């Protein structure tokens, strides 16, 4: 039994770690701007594409830092160009703008790649094959969760113990009041986007090393799932997003293997086709959470003012 | 007091807690047909919260509200609230009755809002007409395919008549939010009247008005009580207005009712003077 | 000042619609598929599908203020319902290649047996309505839990439901009904819509979808102008005030959601009809986004805006900007830049410009009739 | 007001532009190329087009009814997507093509068949192997073998050559090519001995499917999916030590697979239409051409390793020319009339159509990937007896 399930769990934890790195960007932006940044998943994809093109023309030790810097720049620019002008507009307009940005990035990527699958460069060491518990896998699978947790701990430290972190917490509690208190909202928002895209860039490196094909729509599904993870954990809460991401990663992996697990167990005799629902399951989880605990696992309750 | 008349609204032991904060604590009151009753109290005393409980916006933590002799809202502390309940009447109420505001409006309660909530994209006329939606007999299909023409014409005429009565006919086609403040207030009241209520709840109708406008409003409120045969419950800070038109007054402080009586009684009440009038001069 | 309420049948508008339909019917006869101008018909066909989809989405997002992103899911239900119930029995086995088809009933076929050629038309109509009803039914099921959610949570929940619906329709176990994840075809489709009057054949390939869309949009316009439409707008403008004025939020949101989904289902059926195939994998969330962008382009809260927006969108992406993809555009030849995908890039930039700088879209919240009226006023000097 | 003006301006512009397209009266015959240039099958589609382009480069003109015509290839990208296919097809038809070649991937061909049939423009399927392509459409012909045949060949090969007793079959949801081929494979291999799974579009995590195959104790991994997915499956099969041979259909006969498999220890066998080296002269010519043309080289994945689909594309072009010659007209209707009786001796063998408008072919090549050198090794020619 354990041997049957273990590979799914390990692969799930690894995917979960990658979702977590994307989910943090969603949850932080939502916490501050109340905006579902639909373009975040696409930024993640662009990070992958940049790596593909840069690794072809320069050594990895230059390509990786450069890719991270450029991705962060992209995240920063998106906020500046597409969200900042709409700061006072209704929430729906901003969300539409986010969808528009996502549409633009995907189409741009489609144009540049010609719609063809691009193979992610092999990053030495992390993509080597290793054996864990008698199971063959790549090293990236094993290091992802650890790296994720280290980054999250660092981030939490940053938020709890630095001036910008305090400003972020203040802004997410109350936008207008913080503004009145002299916090430079724009700087805080830019910082949020920079941190979010930085983590997405790191996440993209791990994700695409693990699943080495980059297409224009590569970011859409992981992005959506990461967002669901953020909602699941309670939007605005960083530990919540991380835990949510791990749960979703593992659940998704188990769903894909559920037929096999049940057949090996002897519970069922033929395929049921659960794998069809591997993406949909995430959303089923989302709807259950939204209906029964709309604030997620760690979110705080708010009351509307009349 | 007009105890000879039927009781329109009876509030019993209503308590509203938000987490550890008790906004309204064991508030009880009644209002009889044709009365104008005011709730007063310093800022943060829980007046608007009490309003919101009565109109169904919030489900109370504990207590009961009856309207026109029948029970419409009832609740008792449960879940997290059960442990943290700070009121005195736990266990008195056993039923859960939490209607949404529209149900209460359908029964004959209508309200205005402290910070005016007109429908901004619509004209003055439409604002009143939509309030008539509730009185429709048509369903989605008959309305879409124009089978409700007679009703539609009638409702339009009624809305126009109402605008005429409240003196807003001249701005009928203006955008509601383009009106001056005083007229917006008046329109909000007209809109509430369009639902043909028995009880009209006015949340600080004179807020932000100058003395001249306040005097007009005072007259207006008295007029509509007589003309539309409604009882009126109002929250107000303008003491002139309150003392002028109220039949009775309830005074809230920190969620608790500290006094009630006729304007003269209240003006003489020590507690009220200490807690309220003594501290804050009327705005 | 007081104006008499007059019945809003504007004969001018009706005449315009009839003339438009007649022109479409005429174009249908003169433009053959091998003609260069056939693109015009393609645009009319697809445009009417998307116009209805956009108008129905606008009913929800624009008039009721419910930001829902589940449109593609309801269109999928409509497309499948329509397709499944119009495949002739002779073609069933070929379509359900790997399954034993469970549904073996076709409305057009059954009715043409009873009523002759007219039965086919009635059958198609019944299937289209059934497609709408199915979508509305699913919307009702979904609406029960999710309509309580606020703005962006509602958006993401409905988006999720669309994905769930898509997965269900692709499920192998439902193969006997849905043909698994494989495509459905050979059902009643526009390319086969013809009317035989003695010797002359009347081609109806474009006329039928345009007609269905026109009727549906007229119904939606009537709804929007009715007391229910006003209630929807009240909910959009201020939910709390609407509820306080006796408008039952749950009921009206559900009404708007199901009606919108009904027409989404109808547009899904039309999409199947026009594309002549139906497959779950086509109804991705990207389709919802595109429809949303059409609504935004035309102006959120304007029905005529949605119609104009979707025709512009379809015409630009299918026809006018095609040159951007194939080497030369407006006489400029630059195969290096104008290559595959450039059209969509230009297109998405245009959309971003609209979203950022012309937030009201083409029409704002106005309708064509408002625009015409204000022009008439201007022409008539100061007369009120 | 300004906006109305703008809209009116745009409309005027369009109608001003439209007539420009009519002025084209050179003696040109147009052949439509209905192939994916983007999306999942974009890489494969480009390789198939290469063959047509090479043939067009060798034979740019054709004599029809005594008149010398320039042959123009008109492209339409069906984007590997069933909902884009009908519009792409319509685009070709409106462009006045005499006949259409394509597509790589069966789904798009099935999706577009109605459009072709409605316009009466004949289409010749080059490598679309699903039976529905021709069975459901009166104008669709095809020059390759069919999935029932290919599936049986593969199943027999798995049983007899690979000694497999239990097969894991992986297809893409909603993809007629992989789904169809898996179905016919399962039919031939025995339903009870097969595990059949489908992955949704946009899947990037194939490791779970590999674990599934291992856990269920399968001994052959059959996954005739697109080359995009293939590269990822191979990478995962390597890192997770799959431990069973991978078997696939004609799409995998591509240098994408060779590149992905080189240096790994994964065993890969495919069935295909053509074996490199069967016609030395042709091989040499086309390789020279590919190497001389930068775009062609890029479209072929950066090297000159021939894909079978390229060769099929080459043959398809000549079949089209033969049809035009036989018809003696550029009229699609005339071409349609002569197609059933047409025969042509191509590089991939003799081509003729049976009563189902399908090619009469009874053999497929089986190749195995040499993971050290990164080329295909010929295994056998398989037929179904």
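What follows draws every value from the coordinates through simple rules; no lab data is involved. The structure displayed is predicted, hence computed values, not measured ones. Note that each Cβ is placed from the backbone with ideal geometry, even for glycine, and that neighbours are counted across all protein chains shown.
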At 222 nm, what helix-only mean residue ellipticity would chain D give, in deg cm²/dmol to the nearest 500, using -39500 (n - 2.57) for each DSSP H run of four or more? -13000 deg cm²/dmol
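Report, to two decimal places, the Cα Rg of the stretch A:199-244 normalised by 2.2 N^0.38 Å (N = number of residues). Walk me through the numbers on the way to the answer.
On the way: Rg = 11.6 Å, N = 46, 2.2 N^0.38 = 9.4 Å.
For the stretch A:199-244, the normalised Cα radius of gyration is 1.23.
Shape of the stretch A:19-292 from its Cα gyration tensor (a ≥ b ≥ c, root eigenvalues): rounded if a/c is under 1.5, otherwise prolate when a/b > b/c, or oblate?
On the way: a/c = 1.65, a/b = 1.34, b/c = 1.23.
Since a/c reaches 1.5 and a/b is larger than b/c, the shape of the stretch A:19-292 is classed as prolate.
Compute the whole-percent fraction of alpha carbon pairs in the stretch B:182-283 spaced more than 25 Å apart.
Values: 1141 of 5151 pairs.
Every Cα pair in the stretch B:182-283 considered, those over 25 Å come to 22 percent.
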Before anything else, pin down the relative contact order of chain D: Cα pairs under 8 Å, at least 6 apart, normalised by residue count, whole percent. 18
Kirkwood Rh, Cα atoms: Rg over Rh of the stretch B:75-135: 1.19
What span do the alpha-carbon atoms of the stretch A:232-306 cover on each of the three principal axes, reported in whole Å from largest to smallest? 57, 24, 17
Normalised alpha carbon radius of gyration of the stretch B:32-96 [divisor 2.2 N^0.38 Å]: 1.24
Pick out which of A:74, A:49, A:180 has the largest mean-square fluctuation in a Gaussian network model of chain A, springs linking Cα atoms closer than 10 Å. A:180
Determine the calculated [θ] at 222 nm for chain A from helices alone, applying -39500 (n - 2.57) to every DSSP H run no shorter than 4 residues and normalising by the residue count; nearest 500 deg cm²/dmol. -24000 deg cm²/dmol
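Explain nothing, just the number: relative contact order of chain A, from Cα pairs under 8 Å at least 6 residues apart, as a whole percent. Don't skip to the answer; put the middle values down first.
Values: 467 pairs, mean separation 105.4, N = 306.
Relative contact order, chain A: 34 percent.
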Which whole-percent values make up P(r) of the stretch B:140-237 when all C-alpha to C-alpha distances are grouped in 5 Å steps starting at zero? 3, 11, 21, 21, 18, 12, 7, 4, 3, 1
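When the helices in chain C are scored as -39500 (n - 2.57) per DSSP H run of 4 or longer and the sum is shared across all residues, what 222 nm value do you end up with, to the nearest 500 deg cm²/dmol? Present the calculation step by step, with values, prior to reporting the outcome.
On the way: 16 runs with 246 residues, N = 384.
One gets -21000 deg cm²/dmol as the mean residue ellipticity at 222 nm.
Report the relative contact order of chain B, percent, no decimals, based on alpha-carbon pairs under 8 angstrom and at least 6 residues apart. Mind dumping the intermediate values first?
Values: 532 pairs, mean separation 69.3, N = 283.
Here the relative contact order equals 24 percent.
On alpha-carbon atoms, Rg over Rh for the stretch B:118-196 using Kirkwood Rh?
On the way: Rg = 12.7 Å, Rh = 12.7 Å.
Rounded to two decimals, Rg over Rh is 1.00.
So for the stretch D:250-329, what are the equivalent ellipsoid semi-axes in whole Å, largest first, each being the square root of 5 times an eigenvalue of the Cα gyration tensor?
28, 16, 11
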Considering the Cα positions of the stretch D:97-210, please state its Rg to one decimal place and its Dmax as a whole number of Å. 16.1, 49
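Beyond 35 Å, how much of the Cα-Cα pair distribution for chain B remains, as a whole percent? Please list the in-between numbers first.
Values: 7944 of 39903 pairs.
Of the Cα pairs, 20 percent sit more than 35 Å apart.
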In square nanometres and to one decimal, what's the mean projected area of the convex hull around the Cα atoms of the stretch D:280-376? 8.2
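Based on the alpha-carbon gyration tensor of chain D, what equivalent-ellipsoid semi-axes (square roots of 5 times the eigenvalues) come out, in whole Å, largest first? Provide the component values of the computation, followed by the final result.
Numbers: eigenvalues 270, 117, 80 Å².
They are 37, 24, 20 Å, listed from largest to smallest.
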Please list the three semi-axes, largest first and in whole Å, of the ellipsoid equivalent to the stretch B:181-242, using sqrt of 5 times the eigenvalues of its alpha carbon gyration tensor. 18, 12, 10
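For a footprinting-style exposure proxy, rank D:61, A:162, C:227 by other Cβ within 10 Å, fewest first. Spell out each step's value before the answer.
Values: D:61 14, A:162 11, C:227 23.
Ranking D:61, A:162, C:227 by Cβ neighbours within 10 Å, fewest first, gives A:162, D:61, C:227.
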Could you calculate, for the stretch C:39-284, the ratio of the Cα radius of gyration to the Kirkwood radius, expressed as Rg to Rh? 1.01
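Averaged across orientations, what area in nm² does the convex hull of the alpha carbons in the protein assembly as shown project? Don't skip to the end; give the middle numbers.
Numbers: hull surface 221.6 nm².
Result: a mean projected hull area of 55.4 nm².
How large is the translational diffusion coefficient of the stretch A:35-103 in µm² per second when you combine the Kirkwood radius over alpha carbon pairs with Stokes-Einstein at 10 °C and 1.306 mPa s? Please list the in-between numbers first.
On the way: Rh = 12.9 Å.
After rounding, the answer is 123 µm²/s.
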B:7, D:369 arranged by Cβ crowding within 10 Å, fewest neighbours leading: B:7, D:369
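Specify, per residue and in Å³, the volume enclosed by the convex hull of the alpha carbon atoms belonging to the stretch C:285-326. Present the calculation step by step, with values, prior to reporting the outcome.
On the way: hull volume 2.5 nm³, N = 42.
Considering the Cα atoms of the stretch C:285-326, their hull volume per residue is 60 Å³.
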Sorting B:122, C:134, C:254 on the 10 Å Cβ count, fewest up front, what's the list? C:254, B:122, C:134
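Within 10 Å of each Cβ in C:182-189, how many Cβ atoms from other chains are there, averaged over the peptide?
Numbers: counts 11, 9, 0, 8, 5, 0, 0, 2.
Per residue, the number of nearby Cβ atoms from other chains is 4 on average.
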